Amino acid sequence: MAEKNPYYDPAKPHHTPQGFTNPEPEVRQSGDFKRWRKERKEQGFPRPPHSGYEQFINEWCQTPDFSGTEDRLWFLGHACLLLRVAGRYVLTDPVLSERASPLSFYGPRRKTPAAVSVADLPVIDYVMISHNHYDHLDRSTIRKLVKRFPQAIFLVPLGMKPWLERQGAHFIEELDWWDALIMEGVSFHAVPARHWSMRTPWDRNRSLWCGWVIKHHELSFYFSGDSGYSEQFAQIGQRLGPFDIAAIPIGAYAPRWFMQSHHMDPQQAVEVFKETRCHRAIPIHWGVFELADESLDEPPKELVSAIEQGGLSAENFSPLKIGQHISL
């Protein structure tokens, strides 16, 4: 019998006695993973970017500039972002290793170089984690962060505190969906996402997954984490929006029959932009790891079409280079 979930609250539909779940019905069926892997191999997916990997790196990567003091947001690749707000630095889903894997010699390998090393980061005050998958939570990166920034506060969904304690983290705050806390005038809100969690074959959905909202004076920032499309985005917009800036995923969506319950495509990302009442957004979850069947350069191309179809301007929702920043 599985161990009882110590956080279990029967009044919350995303809680189960053994862990956590999505309120939405699961559309994947037994055998779908093997079918996808078989089809992927037969069709030779994913294919390289149209102009090759080297050209893709030249076009989409640059060295980050951490100078200045004004509020800024840096895209550091995949779901790793650095937010500077009121002189404090918030790092999201840091994965700066060569692979998104428990093994150093096997698993998804970076196709674009890490934008920065832990040694070159400014002083990190907060680290926000959306969930425990290896492309969002990297043990080596976390240990380096803990060693260099022992004062950093980790904000995580329910069930992740024990893992972080084992990595040496000293200050950890666990939040459930719709929980919030205020530190030094900055409020952090954990919000719903449609996803799942697992780091080993024995801990599936034992910890929660979430998105995050940060508010400080006139700035409101939404980080969606990893998520399939959900009606809960509208609730986030209603309860905590509008947002000055948001980070919304656009990658790892192909094939849709397999990926749709846990990842969004660019068309759905545009709908989320509208439903969460964003003024501006940057796309995340693309350009680093080949986790699905689309090529690395397909998501930003699809986003251009989706923006036009959705009646938005490219100024509202367009990709940054890895390492590039915008002022807020």
Skipping prolines and chain starts, which residues have an amide H placed within reach, meaning under 5 Å, of the one on Ile172, given they are 5 or more residues away or on another chain?
Phe154
Within the chain, helix-based [θ] at 222 nm, where runs of 4 or more DSSP H residues each add -39,500 (n - 2.57), nearest 500
-6000 deg cm²/dmol
Charged-residue dipole, Cβ positions (Lys, Arg, Asp, Glu), region 1-110 about Cα centre, Debye nearest 20
460
The answer for trypsin sites (Lys or Arg not before Pro) in region 3-35 that fall in a DSSP coil and have at most 13 neighbouring Cβ atoms within 10 Å is Lys4
Scalar couplings 3J(HN,Hα) for region 255-264 by Karplus 6.51 cos²θ - 1.76 cosθ + 1.60 (θ = phi - 60°), nearest whole Hz, x for Gly and Pro, are x, 5, 4, 9, 8, 4, 7, 10, 9, 9
Could you please report the charge total around Arg206, scoring K, R as +1 and D, E as -1 over all other residues with beta-carbon less than 10 angstrom from its beta-carbon?
0
Just to confirm a number: summing +1 for Lys and Arg and -1 for Asp and Glu over residues other than His15 whose beta-carbon lies under 10 angstrom from that of His15, what do you get?
-1
FRET efficiency, 1/(1 + (r/R0)^6) with R0 22 Å, evaluated for Glu98 and Lys301 via beta carbons
0.25
Amide H contacts of Cys278 (H built 1.01 Å from N, under 5 Å, at least 5 apart or other chain)
Phe243
Where Rh is the Kirkwood radius over Cα pairs, Rg/Rh for the chain:
0.93
Excluding residues fewer than 8 places away in the same chain, name every one of the lysines whose C-alpha is closer than 16 Å to that of Lys12.
Lys4
Taking the Cα centre as origin and putting +1 on Lys and Arg beta-carbons and -1 on Asp and Glu beta-carbons, what dipole magnitude results for the chain, to the nearest 20 debye?
960
Give the lysines whose C-alpha is closer than 25 Å to that of Lys274, dropping any in the same chain fewer than 8 places away, or say none.
Lys215, Lys301, Lys321
Let me check I've understood the local charge: for Gly168, count other residues with C-beta under 10 angstrom from its C-beta, Lys and Arg +1, Asp and Glu -1. What total comes out?
+2
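Values in this text are rule-based calculations from the coordinates and carry no lab data. Here the structure is a predicted model, which is why all the values come from computation and not from measurement. Cβ atoms come from the backbone with ideal geometry, glycine included; neighbour counts cover every protein chain shown.
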